[in-house]
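For reference, the structure discussed in these notes is given below.
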Amino acid sequence: MLSEVTVSALTVGRARAAAVSIEDRSGHEETELMRRDFVANVSHELRTPLTALMGFIETLRGPAKNDPVAHDRFLAIMEREAGRMNRLIGELLSLSRVEQEERRRPLERVELAALLRAAITTLSPAADAAGVSLEQFGTDQQVTVPGDSDQLVQVFHNLIENALKYGGGGGLVSVSLERIEHEPVLRGPAWAVTVADRGEGIEARHLPRLTERFYRVDSHRSREQGGTGLGLAIVKHIVNRHRGRMKIESKRGEGSRFIVLLPESAGRS
Ligand code: ADP
């Protein structure tokens, strides 16, 4: 889909702060060029682990045939690469499901705070393991919005997981839920879910492209972390389906904030 992105970069002291707001204006239009690009990207992303797997199979059959130490090491790498292919396929399916459900399933009223708590609970062990304190604010409220529960949990899961993966170095990730009486772009009352980290932050030039499929700031690091480059593309699609909006704010050296704005009631755009 074509999306309109507005970027504003401001200078705060000596550090640069940047914010980007992403909204989809063009509905279902997708150019042929983007489709072709997507197919090329998918093929490349699948071929990389597959080539590694084939190389190791060959080595295990040949030079490393009688070397049990090499066997263990190579099998572990093969398992990791197979896991990466599996995650990639899972996320591709998830992306196509969101696109299909956009047309099929109507939104219902869902308990927003409960969905947020569910995502936090699932990721608490990962936060503990990474030594990150995962804090929450405002998630004890009773809030209902028009939504798709599975998809909203996925949005929160992806954003919190990213904050832990890429911003966890700051030791603190916070998730907050607050009401906005009048959200100008959504033209009415909205709920804002903010996932903030105190990590390294993201350079302003990357912000407008973060939600593109397969876009990564540091592809080596993303791969090391098991990333597929599809997480934020899925988030953007789901938020669009909810007629919401996502904002990304980041300051190098201070951390990032991903804000999802969801309309309080249906019928707003
Ligand atoms: P991935 O599967 O690579 O994590 P995503 O679409 O979820 O893909 O994210 C795209 C890229 O955005 C990541 O590769 C990472 O470089 C960057 N990113 C996402 N969240 C953060 C964050 N909280 N802090 C810093 N960089 C981030």
Expressed in nanometres to one decimal, the distance between label points 7 Å along Cα→Cβ at Ala266 and Lys65 is 6.6 nm
How many lysine pairs in the chain, separated by 8 or more positions in sequence or lying on different chains, have Cα atoms less than 22 Å apart? 5
Can you list which of the GluC sites (Glu not before Pro) found in region 53-124 are DSSP loop residues with at most 15 other C-beta atoms within 10 Å? none
Can you run phi through the Karplus equation (6.51, -1.76, 1.60; θ = phi - 60°) for region 196-209 and list ³J(HN,Hα) in whole Hz, with x for Gly and Pro? 10, 10, 10, x, 6, x, 10, 5, 3, 5, 7, 3, x, 9
Can you give the calculated 222 nm mean residue ellipticity of the chain, where each DSSP H run of n ≥ 4 adds -39,500 (n - 2.57) and the sum is split over every residue, rounded to the nearest 500 deg cm²/dmol? -15500 deg cm²/dmol
For Gly147, other-chain or 5+-apart residues with amide H closer than 5 Å (H placed, Pro excluded) are Glu108, Arg109, Val110
Step through the residues of region 119-136 one at a time and calculate ³J(HN,Hα) from phi using the Karplus curve (6.51 cos²θ - 1.76 cosθ + 1.60, θ = phi - 60°), rounding each to whole Hz and writing x for Gly and Pro. 5, 5, 4, 4, 8, 4, x, 5, 5, 4, 4, 8, x, 10, 8, 9, 9, 9
Percent of accessible area on the chain owned by carbon and sulfur, 1.4 Å probe? 51 percent
Which of rounded, prolate or oblate describes region 84-154 when judged by the alpha-carbon gyration tensor and an a/c cut-off of 1.5? oblate
Expressed in nm to one decimal, what extension gain is obtained for the pair Ile57 and Ile89 from 0.36 nm per residue of sequence separation less their Cα-Cα distance? 9.4 nm
With each label point set 7 Å from Cα along the Cα-Cβ vector, what nm distance links Asp128 and Asp150? 2.9 nm
When the chain is fully extended, how far beyond the present Cα-Cα distance does Arg209 get from Glu224, taking 0.36 nm per residue of separation? 3.3 nm
Virtual spin-label span in nm between Ala76 and Ser96, 7 Å along Cα→Cβ: 3.5 nm
Counting only residues 5 or more places away or on other chains, whose amide H sits under 5 Å from the amide H of Trp191 once H atoms are built in the peptide plane? Ile180, Leu262, Glu264
For the chain the translational diffusion coefficient, Stokes-Einstein from a Kirkwood Rh over Cα pairs at 4 °C and viscosity 1.567 mPa s, in µm²/s, is roughly 65 µm²/s
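The values are calculated or read from the model by the stated rules, or taken from the named source; none is laboratory data. As the structure is a computational prediction, the values presented were derived from the model and not from experiment. FYI the Cβ positions are ideal-geometry reconstructions off the backbone, even for glycines, and counts take in every protein chain you see. Accessible surface areas use protein heavy atoms only, side chains included; no ligands, DNA or RNA. Shrake-Rupley method; radii C 1.70, N 1.55, O 1.52, S 1.80 Å.
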